[in-house]
Each structure stands twice: as structure tokens, then as C-alpha cells.
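For reference, the structure discussed in these notes is given below.
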Protein chains: 2
Amino acid sequence: MAGELFTVLPEGTVTTPKGFITGGLHCGLKKNGRHDLGAIVCEVPAAAAGVYTLNAFQAAPLKVTQESVASSSGMLQALLVNSGNANACTGEQGEADARQMRAGFAAALGVDATLVGVASTGVIGELLPMDKVNAGVVDLPAKLTADGGEDFCQAILTTDLVQKMTCVRVSVGGNVVHIAGAAKGSGMIHPNMATMLGFMTTDAKIAPEHLQGLLGEMTDSTFNMITVDGDTSTNDMVVVLASGLADHSEPLSPAHPDWDAFAAGFRYVSEYLAKAIARDGEGATKLIEVNVSGAVTMNAARAIAKTVVGSSLVKSACFGADANWGRIIAAIGRAGQPVDVNTVDINVGDYTVLTQSRPVSFDDAAATEYLKGDLVQIYVQLNNGEGNATAWGCDLTYDYVRINAAYRT
Amino acid sequence: MAGELFTVLPEGTVTTPKGFITGGLHCGLKKNGRHDLGAIVCEVPAAAAGVYTLNAFQAAPLKVTQESVASSSGMLQALLVNSGNANACTGEQGEADARQMRAGFAAALGVDATLVGVASTGVIGELLPMDKVNAGVVDLPAKLTADGGEDFCQAILTTDLVQKMTCVRVSVGGNVVHIAGAAKGSGMIHPNMATMLGFMTTDAKIAPEHLQGLLGEMTDSTFNMITVDGDTSTNDMVVVLASGLADHSEPLSPAHPDWDAFAAGFRYVSEYLAKAIARDGEGATKLIEVNVSGAVTMNAARAIAKTVVGSSLVKSACFGADANWGRIIAAIGRAGQPVDVNTVDINVGDYTVLTQSRPVSFDDAAATEYLKGDLVQIYVQLNNGEGNATAWGCDLTYDYVRINAAYRT
């Protein structure tokens, strides 16, 4: 998929695109002493786009960030993020606290408050200890550097085990443009955003409306196609900042001759982060990818792929390395989408287990070996139409239960 | 709830209503040698009603049973059930096998094939070993007695740990009428029927259409309000047989003066079985009951109650005895129903944890003790309207993962 339209930069971070600095510190929200406050700051006001959770109980920082974007004509210069406390279901005080975070960081940077976005992740329903946060906000600007990518990644993690960051390079009008992203999230992950925070940076010149359109489109097929446990968080958001400091002259838009390259790179970063979140799902030992083709529509394919990858029984079977295709077909059948019950083909990796809805004998031992790996790919061909989609998730394990039975302790 | 309209009979079984015999035997489908073939037979053709899975991949026996009911004007005299093999996704051969089961049992009993229903539960996608089934079908009639309730219950179980059976007595026109039921199911349990088989018997005189109406109504608020893991099976069905052998003269219908008593008894049996299935969910250590009131509509209340009780995070928290109400409110918010985000009250047992969407300080240690019990009741008052509903489920435990990671081994 890479190669022609874009190049992956293995060492790239969210500061590889021109104009960005980042970093993190420990202000006291996490008991383990790890970074819990971080920021991405741009030299100049950047074109911004965001997508936000559809959970009815949207957390305070999301409201404040949306307000900033709306009142600054789609521009942001800084994103301030804390982990360890979600500032969700915290009422008027929570909203006031989110505003105070925004105002404090804006003052520390010397920019207008409407150019600052805020994000939070962690436990729901507890007020932020604002003395700690305020002190951290004052100290943070001195920590921000072009090498702060890892510190920032650390600051946004909760139960995540690994950092999630990537960067690509594309060519726009013969000039180098970078697109990078960092993300967190491992539990409460489901379509319509998740306990997932995603932050993308680019130095492309692009108007906020085109950036928003691209983000929305890419989110539908990447971030919204992952599920860890079916729970959608109050705090999910993905925000993109475009500094415009790359050297190309013509701003990007769908009419630009290099739009496809930019969109391909953008998609790579989105999909990389989404898959990294799914693979690092709470307790997960493997990434599960479900490819559905031949559905009546793309939306039907998406619904079926998400239902299969979200099925507790399919997830448990993958953990147990059991090629139990009966659970796959049962999940397809309850997705609420039209399917012809006689034309379904299913492959698990290279193993064909069902053809035209009939079991096919396969090498069970070899399939079990395949399922013991860290990537399980399931292919469903419905033979009903042209709708295709891919969804990602992870297996359901003892550790998922352990982590979530004792999260607050 | 009992007392006035009906009386629970602790020793009652599906043969307590007049006219029924039942039993079970081991024909060779289960590796552990336990009963795997059973039947309920009525002395006379009985009024029948059924509800069936909405999974698109409906298993062969469900089609055959629906065909019997349709072609006999809503009458059935016998139900034949096997466990250990679902006869689902087995194509034309599976359908032929289900018909052969029906025909063989009809012949053994000396009744018309259209008076026999069949049901199966177990692994999906394997053909029934018909030599074993046929032999069992021939032997089964001799095993059927008025004392065969336990043998029948045994024959319909798969991963269930306990038998699920109850019986009530109601008065109709001054005469005794019984309503009884037996059920199986513990994994793949979700709204719209589950890997759940329910069989109810009554000696009431009632036309099939009124029985069907009552079953449909009761199913919506009982069997369809339970979830173990969100998966809806290919094989779920609930069938009721009414022998009409009770002594009341006026057949029951909604116009009958004792309809409410009959409906209350019917509801008790349905709810008892539904809760027993949820409590015996795979790996479960406790029953979780979610009561939602004040929703804009009853359907909204149902959707919210099912979302909360089905949340992996809520289920894990209950297993861990953690009064983590943030997960409850996050589940409410993603149910896709209108809610006022400022007016939610939540109680966990007797402990008020949220009032008007604001956290209330509560005795966390005492709440943890409560959550360690085998029944957790969660009360959600949305203060948005008059819609009320209750849903039942169970906690998510290490054993759920263990059972489902190695089901076929």
C-alpha cells in the first residue's frame, strides 16, 4: 500500500511536520509517577479539524475544544492533554475546570484561549485536582521541544502498554509534506470513537474545511472501525493540526493534483493508529482483522465487519486459537444486515472454512497454529453485492477481565 | 409479585400441567455420556405458539418446527430436542436431518409429523450423526413419564451448570390451571432470543392465536431482555404447548375475567426462566439486573437497560465488585436513545451513586460488599418520561473466557 503515494518514516513523530513542538510531564494525576500532562504546540495558528464521541455524555474538554475551533474559524495553535482523569460527568465545575486549563495554557504560551484545545482521559466522574493541573500547565511550556514526541505519547496513555505513533512523507507539488499522528486508547473502544485520543499533525497548507472533510471520511473507515469491548467513551476525539509551513504553494483541496497522495498518507496514519489501538486493546494478545466483501452496501459491510470483530465469542475463540467459524457466521447473521444465507464464503487466514455457506474440511491443526499468531485475518465474502469494509479488534482474554475488574484499585 | 394472582409450585415441572409426559436419554451426541435427546409429549394435540431467533442463519430445526405449526393450524403434540449439535449452517442435509428427526419421532409416537416440533442446541456447522439420533428417537417414547422433568432438563443442557424449571398455579373460572417451563442457555445469549431454548406447558384451554399473542408480549419483556455476551444464536426458540385439559369451561382470551391472572402466571414463568438463564451465564458468578425508569419511551428504556447490562466494562466491574458508575453512565450515553445528560440518578443496590448526573459520596466499602453478592441491582432514573424496563445479565469473568476459548476441545 505504501511506496508510490507516500513513504513511511519509521523515526517520525508528531514534531516531524514543520512547526510543531511537544512534550509531557508528571503533574500528579497518575499514581505511578508517569507523565500525565502533555501538549502539542504549533509555531503559528494551524488549520484544525476534529471528530468527537457520539456518547450523549460528552466530557467537558470536548465541549471546550469544539468551542475553540468554532470561535477561531477552524484554527488551533495548541492542544493540552491530561491522562488519569477524564473530566467527564463532572458538571459545571468540570466545564469550568476545562476552561481554566485552556485559559492557563493559553496564558503560559501567550496566545488567545480560542486557539487552545483540551482533551482528557482516565476515570470518569471525579473532579480534576486543579492545583496540580494548574502547576503542571505553568511548567509545561518549558518542556516542549522538537524531540518531545515520546514524552507526549507517555503523557496521553492510561492502560495502554505501548506508545502509538507514526509519520509519513508525501510529495505535494514536488515539495515534501509530512503527516504524523499519536494516539492512546485501549479499553472502552468501539465504533463512533472510543476511549481513544488521536492527535495528528501535518505541515500541509490546507483550509480547515478540507481538513475536516478528509478527517471525517478517514475516520469512518479507520478509527470508527475498531472495537475492543463495544463500549464508547465519553471522551473520544481525534484532532488534526495543519501548520501550513511546508513549501508547496498551492493549498491542498480535493481539486489539487496531489490530493490523492495526501489522502493516502493521511489514511495510512489514521489506519496505523487505529490498528495500533486495537492491537493494544486491554489484555489483548493479538490483532483481529475482519474483511467483509460482497455485501449489499458499504454500510452493510461495515456493520457486519464490526459485529464479527466485536463478538465476545469470536474474540474468545481467537484467544483460544479455535477456528470456530460457527461463531463467525452467527455474528454475521445477527448484524441486522441483509445477507443471502446460502452464499457465504469464510476464510481464516489462508484456510477456507466455509464455501457457499457449507463447511469445508480444513487442516484444523494448521489453522490452530495460525490462530496462535499475533495477527488473525478473517475474510468474509458474502457474494451479495459490491460493499467492502475492514474492521479491527482484539481477542478477549483473562487479562481483559483482570484489568477491568480492578481498574479503580 | 406472586401471592394473589398465582401460586408458585416449588416441586412443579413441565409435566405438572395436565396431559404432558417427558423424559430424556443419551443417544451419543455429548461426549460426557449425559442425556442429549429429550421430548415433551402431550396426550392430545395442544395449542402451540412459538418465537424464533432473528439471526439470519436460522437453524434447520426452527424452520421445520415453524412449518409444523403453520401446517397444523397452530397445533403440536410433541417437541423433540437434542443437545450437543445445533444442526445449524448444515444446508439441505441439515434440513433433511431435521425432517427425519420429526418423521421418526412422529412414527414412534403414532402421530402426524406436522404435530411434531424439533429443536437443537450445540456446536454449529456439523451434521448430526443420524444413526445415533435415529436410534435414540426409537428408544425415547418408552422413557417418557410424568416424572421425567429432570431427565428432560438434563437432555437440553449444553454448558449450563444448573437446570432451569418452574411451575405456577392460577385459578381460571374457579378451576386450577398450571403453567410450567423449562429452559437451557448460557452462552451466546442476547436480545432477540439467544442460544436459548424455552419450553412451556400449560393445561389451559386457549386458542393458538391468543397463546401466540401472549407469548410474543411476554417474550419482549423477559426472554428478549437478557444478555450474556451479546451474541444471538442461530437456534433460539421458545415454544408453548397448551393441552386444554384443565377443567375451566370458557377458553382463555384477553376478554376472559381471569386473563390477568393467567398472564401474570405466564409472565412469572417467562421471567423466572429468563433470569435463570442470565444467572447461569457462562462463567457467571452473579445475576445483574438493570432497572431503567423515566425514559422517553418503553423502547428507549429497554435499549438503555440492555446496553448497560451488556456492557463488558459494567460486567467486569460487577465481577470485581467495583461500584464504577462511570461505566454505567457511559453505557447509558451510547445506547443511541435520547437522554437528558443533567437529570440522571443511579443507584447500585441501596447506594445512591449519582443524583441529577452528579456524583454523590457513598460508602464505597459497603457498596463493594454489596457487589460481592450474587445479585446486583442497578437502578437508573432518567427523569425524562414514563418509559420503564428491566434487563438481566451476568458478570464477565475469567471463566467466561476459559469456557469460550476452548469450547470445541
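The values are calculated or read from the model by the stated rules, or taken from the named source; none is laboratory data. For clarity, every value in this text was computed on a predicted model and none was experimentally measured. For neighbour counting, all protein chains shown are included, and Cβ atoms are generated from backbone atoms with ideal geometry for every residue, glycine included.
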(request) Return the only residue of B:Asp399, B:Asp364, B:Asp345, B:Asp395 being of a type in the set (Asp, Glu) and either in the same structural domain as B:Met218 (by TED's automatic domain parsing) or touching a Cys at 6+ places or on another chain (Cβ under 9 Å) (or both). (result) B:Asp395
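Among the residues of segment B:167-180, what is the count of those that are surrounded by fewer than 24 Cβ atoms within 10 Å (Cβ to Cβ) and out of contact with any His (no Cβ under 6 Å at 6 or more places or on another chain)? Reasoning before the result, please.
Residues of segment B:167-180 that are surrounded by fewer than 24 Cβ atoms within 10 Å (Cβ to Cβ), as a first pass: B:169, B:171, B:173-176.
Pick out the ones that are also out of contact with any His (no Cβ under 6 Å at 6 or more places or on another chain) and you get B:171, B:174, B:176.
Total meeting the criteria: 3.
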(message) Which count do you get for residues in segment B:8-61 that are of a type in the set (D, E, K, R) and touching a strand residue (DSSP E or B) at 6+ places or on another chain (Cβ under 6 Å)?
(response) 2
(request) With the checklist (1) outside any loop (DSSP other than H, G, I, E, B); (2) crowded, with 24+ Cβ neighbours inside 10 Å in hand, flag the one item B:Gln66 doesn't pass. (result) (2)
(request) Answer yes or no as to whether B:Val376 is of a type in the set (A, V, I, L, M, F, W, C), modelled with pLDDT of 95 or more and over 30 Å from B:Asn85 (Cβ atoms). (result) yes
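Within segment A:27-59, can you find the residues that are within 18 Å of A:Asp147 (Cβ to Cβ) and of a type outside the set (Gly, Ala, Ser)? Lay out the reasoning, then the answer.
Let us first name the residues in segment A:27-59 that are within 18 Å of A:Asp147 (Cβ to Cβ), namely A:35, A:37-43.
The answer is A:His35, A:Leu37, A:Ile40, A:Val41, A:Cys42, A:Glu43.
Here is a yes/no grid of residues against (1) modelled with pLDDT of 90 or more; (2) in the same structural domain as A:Leu245 (by TED's automatic domain parsing); (3) not hydrophobic (A, V, I, L, M, F, W, C):
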| site | (1), (2), (3) |
| --- | --- |
| A:Thr65 | yes, yes, yes |
| A:Gly84 | no, yes, yes |
| A:Gly125 | no, yes, yes |
| A:Val170 | yes, yes, no |
| A:Val177 | yes, yes, no |
(message) All but one of (1) buried (at least 24 other Cβ atoms within 10 Å of the Cβ); (2) under 30 Å from A:Arg358 (Cβ atoms); (3) among the small types (Gly, Ala, Ser); (4) out of contact with any Gly (no Cβ under 6 Å at 6 or more places or on another chain) hold for B:Ala78; state the number of the condition that does not hold.
(response) (2)
(message) With the structure loaded, tell me whether B:Ala183 is under 23 Å from the mean Cα position of the chain (by Cα), under 30 Å from B:Leu287 (Cβ atoms) and either surrounded by fewer than 24 Cβ atoms within 10 Å (Cβ to Cβ) or within 14 Å of chain A (Cβ to nearest Cβ) (or both) or whether it fails that test.
(response) no
(request) Quick one: count up the residues across segment A:329-366 that are of a type in the set (S, T, N, Q), touching a residue at least 12 places away in the same chain (Cβ under 8 Å) and either surrounded by 15 or more Cβ atoms within 10 Å (Cβ to Cβ) or under 13 Å from A:Tyr379 (Cβ atoms) (or both). (result) 3
(message) Among (1) of a type in the set (Asp, Glu); (2) free of Cβ contacts under 8 Å to residues at least 60 places away in the same chain; (3) closer than 16 Å to B:Phe319 by Cα, there is one condition B:Asp395 misses while meeting the rest; what is its number?
(response) (2)
(request) Taking A:Ile304 as meeting all but one of (1) crowded, with 23+ Cβ neighbours inside 10 Å; (2) within 30 Å of A:His210 (Cβ to Cβ), write down the number of the exception. (result) (2)
(request) Could you please let me know if A:Ala295 is touching a residue at least 24 places away in the same chain (Cβ under 8 Å), within 14 Å of chain B (Cβ to nearest Cβ), within 26 Å of A:Phe362 (Cα to Cα) and surrounded by fewer than 24 Cβ atoms within 10 Å (Cβ to Cβ)? (result) no
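Are there helices (runs of 4 or more DSSP H) fully within segment B:84-176 with at least 3 residues that are in contact with a helix residue (DSSP H, G or I) (Cβ under 9 Å, 6 or more places away or on another chain) and over 30 Å from B:Ser249 (Cα atoms)? List them. So that I can check it myself, show each step before the final result.
Working: elements: B:91-109, B:130-139, B:149-155.
Fully inside segment B:84-176 and qualifying: B:91-109, B:130-139.
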(message) Can you confirm whether A:Ala194 is assigned to a loop (DSSP other than H, G, I, E, B) and modelled with pLDDT of 95 or more?
(response) no
(request) Could you tell me which numbered condition B:Val137 fails, if it satisfies all but one of (1) buried (at least 19 other Cβ atoms within 10 Å of the Cβ); (2) without any contact (Cβ under 8 Å) to a residue 40 or more places away in the chain? (result) (2)
(message) Cβ-Cβ under 6 Å, sequence separation 6+ or interchain: first residue in segment A:5-26 and over 23 Å from A:Ser83 (Cα atoms), partner polar (S, T, N, Q) and not in a loop (DSSP other than H, G, I, E, B). Which pairs?
(response) A:Pro17/A:Thr201; A:Pro17/A:Thr202
(message) Step by step: first the residues of segment B:372-409, then only those that are more than 9 Å from every other protein chain (Cβ to nearest Cβ) and more than 25 Å from the chain's Cα centre (by Cα), then the one that is surrounded by the fewest Cβ atoms within 10 Å (Cβ to Cβ). Which residue is that?
(response) B:Glu386
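Being touching a Ser or Thr at 6+ places or on another chain (Cβ under 7 Å) and part of a loop (DSSP other than H, G, I, E, B) is the filter here; which residues of segment B:13-25 pass it? Break it down stepwise before answering.
Going residue by residue through segment B:13-25, those that are touching a Ser or Thr at 6+ places or on another chain (Cβ under 7 Å) are B:14-15, B:17-23.
Passing the criteria: B:Val14, B:Thr15, B:Pro17, B:Lys18, B:Gly19.
Name every residue in segment B:26-57 that is of a type in the set (Val, Ile, Thr) and not in a loop (DSSP other than H, G, I, E, B), in order of residue number. Talk me through it step by step, then tell me what you get.
Pass one, segment B:26-57, residues of a type in the set (Val, Ile, Thr): B:40-41, B:44, B:51, B:53.
The answer is B:Ile40, B:Val41, B:Val44, B:Val51.
Just checking, which of B:Cys42, B:Cys89, B:Cys27 is farther than 15 Å from B:Leu197 by Cβ, within 14 Å of chain A (Cβ to nearest Cβ) and not aromatic (Phe, Trp, Tyr)? Before you say what the answer is, go through the steps one by one.
Working: B:Cys42 fails: within 14 Å of chain A (Cβ to nearest Cβ); B:Cys27 fails: within 14 Å of chain A (Cβ to nearest Cβ).
Exactly one of B:Cys42, B:Cys89, B:Cys27 is farther than 15 Å from B:Leu197 by Cβ, within 14 Å of chain A (Cβ to nearest Cβ) and not aromatic (Phe, Trp, Tyr), namely B:Cys89.
Hey, among A:Ala204, A:Ala284, A:Ala255, which residue is crowded, with 20+ Cβ neighbours inside 10 Å, more than 10 Å from the chain's Cα centre (by Cα), modelled with pLDDT of 95 or more and among the hydrophobic types (A, V, I, L, M, F, W, C)? Outline the logic, then answer.
Working: A:Ala284 fails: modelled with pLDDT of 95 or more; A:Ala255 fails: crowded, with 20+ Cβ neighbours inside 10 Å.
The unique qualifying residue is A:Ala204.
Out of B:Val296, B:Val292, which single residue is among the β-branched types (Val, Ile, Thr), closer than 30 Å to A:Gly310 by Cα, more than 23 Å from the chain's Cα centre (by Cα) and at pLDDT 95 or above? If you could, list the steps in order and put the result at the bottom.
On the way: B:Val292 fails: more than 23 Å from the chain's Cα centre (by Cα).
After ruling out the rest, the residue left standing is B:Val296.
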(request) For residues that are surrounded by fewer than 24 Cβ atoms within 10 Å (Cβ to Cβ) and charged (D, E, K, R), scanning just segment B:1-57, find the one that is farthest from B:Arg267 (Cα to Cα). (result) B:Lys31
